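Note sheet for the following structure.
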Amino acid sequence: QVQLVESGGGLVQAGGSLRLSCAASGRTFSTYVMGWFRQAPGKERELVAAISRSGSSTYYLNSMKGRFTISRDNVKNTVYLQMNNLKPEDTAVYYCAASTSIVVTTARLQYRYWGQGTQVTVSS
């Protein structure tokens, strides 16, 4: 089992940047595929980015490519989401999640462990 705690959200103007962090408890962090999801009011939760256990493979939602970067530090048990050129439509609660999948997965149901979420608000 792993416990996840996100941080780094906040209010930023359009065009600005934020870096989200997700700290994981336990000694087995490197055995989990990690993902960042987001959920805007009235919308379904969607996968923004995911990263393999080693960090060598990543996935991005098309609209995030070139703006968001996911990375992980298996020594610090932390996964990051660097978000640049933020837009008002990026406003949402952002969640990190852990999956026991062997490879990067986009299936939400394969992410068993979730953090509490951190609010990101982008003003126009």
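Scan VAL48, VAL104 and give me the residue that is surrounded by 15 or more Cβ atoms within 10 Å (Cβ to Cβ), in contact (Cβ under 8 Å) with a residue 60 or more places away in the chain and not aromatic (Phe, Trp, Tyr).
VAL104
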- Item | Residue list for segment 79-103, filter: of a type in the set (A, V, I, L, M, F, W, C) and either in a strand (DSSP E or B) or within 13 Å of the chain's Cα centre (by Cα) (or both) | VAL79, LEU81, MET83, ALA92, VAL93, CYS96, ALA97, ALA98
- Query: Looking at ARG72, ARG53, which is the one that is within 16 Å of VAL104 (Cα to Cα), out of contact with any Pro (no Cβ under 8 Å at 6 or more places or on another chain), in a loop (DSSP other than H, G, I, E, B) and modelled with pLDDT of 95 or more?
  - Reply: ARG53
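The values are calculated or read from the model by the stated rules, or taken from the named source; none is laboratory data. Bear in mind that the values here come from a model prediction, so they are computed numbers and not experimental data. Counting neighbours? That spans all protein chains shown, and the Cβs are built from the backbone with ideal geometry, glycine included.
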